[in-house]
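Report on the structure given below.
The values are calculated or read from the model by the stated rules, or taken from the named source; none is laboratory data. Computed from a prediction, not measured in an experiment: that's the story for all the values here. Note: ideal-geometry Cβ built from the backbone for every residue, glycine included; neighbour counts use all protein chains shown. Heavy atoms of the whole protein, side chains included, go into the accessibility calculation; ligands, DNA and RNA do not. Shrake-Rupley method; radii C 1.70, N 1.55, O 1.52, S 1.80 Å.
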Amino acid sequence: RGGAQRLSYRPGQYVFLYIPYISLFESHPFSIASYPGDKDLVFFVKVAGSWTRKLFSRHNKTLTVFMEGPYGQPSIQPLENYRHLLFVAGGIGITPIISLMRDYVHRSTAGDKSRHVTLIWALR
């Protein structure tokens, strides 16, 4: 928020987040869960190590965050050219899939019942 510029990104991309409170020398990659039409930029974070544990401990506090990116490009674009989609994800790997699916729904013609999306999501 603050005086930040709006990030231009495509569904399925990721950014590197640098948070000085957590580490002065380390950034981490996070897939973007929101889709480009959203007002806010959303990330899903799995607590898996000291960096994300420290981030989670401050989840309700204001932090200064710097971003680098976006990076990456899904290999099939635009998705609305396809009538049938199959998404397969495991665990936190659902994050870019959510962005892709939300964008697909928003770009698809309203009332078009001939499109099919199947999601297979494996969790532990």
Measure off, as a whole percent, the carbon and sulfur share of the 1.4 Å-probe accessible area of the range 1-89, all protein chains present. 54 percent
When the Cα centres of the range 20-68 and the range 73-92 are compared, how far apart do they sit, in Å? 24 Å
Can you compute 3J(HN,Hα) from phi for each residue in the range 55-62, using the Karplus curve 6.51 cos²θ - 1.76 cosθ + 1.60 with θ = phi - 60°, rounded to whole Hz and x for Gly and Pro? 4, 4, 5, 10, 4, 10, 10, 7
Once you put a point 7 Å from the Cα of Phe16 and another 7 Å from the Cα of Val105, both along the Cβ direction, what distance in nm separates them? 3.3 nm
Tell me the angle of helix 94-107 to the major Cα principal axis of the chain, expressed in degrees between 0 and 90 and rounded to the nearest ten. 50 degrees
At 1.4 Å probe radius, can you tell me the per residue accessible area of the chain in Å²? 68 Å²
Rounded to the nearest 0.05, what FRET efficiency is calculated for Leu85 and Val47 with R0 set to 25 Å and r the Cβ-Cβ distance? 0.25
If one builds a Gaussian network model of the chain from Cα atoms under 10 Å apart, the most fluctuating residue listed among Gly49, Gly93, Gly37 is Gly49
Across the range 1-102, how large is the tail of the calculated P(r) beyond 19 Å, expressed as a percent of all Cα pairs? 47 percent
Once phi is turned into θ = phi - 60°, what whole-Hz ³J(HN,Hα) does the Karplus curve with 6.51, -1.76 and 1.60 give for every residue of the range 85-93, x standing for Gly and Pro? 10, 10, 10, 10, 9, x, x, 5, x
Suppose R0 equals 30 Å; then what is the FRET efficiency for Lys54 and Leu119 from their Cβ-Cβ distance, rounded to the nearest 0.05? 0.40
Quick one: compute the contact order of the chain, relative version, from alpha carbon pairs under 8 angstrom and 6+ residues apart, as a percent. 31 percent
If you average 1/r over every pair of different alpha-carbon atoms in the range 2-50 and take one over that average, what Kirkwood value in Å do you get? 12.3 Å
For Val117, which sequence-distant residues (separation of 5 or more, or a different chain) have an amide H within less than 5 Å of its own amide H, given hydrogens modelled in the peptide plane? Leu85
Once amide H atoms are placed 1.01 Å from N in the peptide plane, what residues at a sequence separation of 5 or more from Val42, or on another chain, have their amide H within under 5 Å of its amide H? Ala33, Ser34
